[in-house]
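Student: Take a look at this one; I'll ask things after.
FYI, it's all coordinate maths here, none of it is from the lab. As the structure is a computational prediction, the values presented were derived from the model and not from experiment. Note that each Cβ is placed from the backbone with ideal geometry, even for glycine, and that neighbours are counted across all protein chains shown.
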Amino acid sequence: MRDHKQPPGDRRGRRRARPAAAALAAAVALCVAALAGSPAAAHAASEPTACPASHAIPSADAGGARSEHALLCLLNRERARAGLRQLQPNRCLARAAAGHARDMVARRYFAHRSPDGRDFADRILATGYAPRGARWTVGENLAWGSAPAGDPAWVIDAWMDSAGHRENVLRSSFRDVGIAAVPGAPGAAVSGSAPRATYAAEFGAYSGTRGRCG
């Protein structure tokens, strides 16, 4: 793990390799000031009984919408089990997630920081997610896998089995999420013809009134 500081806050990234043509990465960033008005466990919902399409791997033909909905369901099921409020879909976070997942596949890298030097907080804030002057906290979980890894059920199991990823999934202050599931794998070439997919989940919360993407 490597820590580094730069405005507007302390940004920490963790990366852990996974066997069998799969990988994960997680990071979290906080605004310089602590986020205000974030109750720890408000509005917990009842646990969903099932999450349809949990084993759907995105494809060029079908796209990733079903997998994205399944992963949101699975994330909120884990939060419900922990007594936490549900994450709400957010258009700005979804835009940041989709842009980064597609970029990683297209330019063949796997990291929170893109080749142009921007990290996940830069990309999220560039969408206008947090109003100007607001206190914010954001996080990012990444994953890619080649079948039989690579579906939403595998992603949530892998994240919950990794301390850094689990911390983001169950961070009580987070209230919003944007998820992208795209076909293809970043980084090193993967042999064989098995379906493969890349995922990005952007988590966030900020103080004050709801912004333009709320």
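Student: Can you compute the modelled spin-label distance between ALA82 and ALA126, with each label point 7 Å from Cα toward Cβ, in nm?
Tutor: 2.9 nm
Student: Cβ under 11 Å from ALA185's Cβ, ALA185 left aside: what net charge do those residues give with Lys, Arg +1 and Asp, Glu -1?
Tutor: Neighbourhood net charge equals +2.
Student: Give the peptides 85-92, 149-156, 195-202 in descending order of average Cβ contacts within 10 Å, highest first.
Tutor: Ranked by mean Cβ neighbours within 10 Å, highest first: 195-202, 149-156, 85-92.
Student: What is the Cα coordinate range of region 102-214 on the first, second and third principal axes, sorted by size from largest, in whole angstrom?
Tutor: The Cα atoms of region 102-214 stretch 49, 30, 21 Å along their principal axes.
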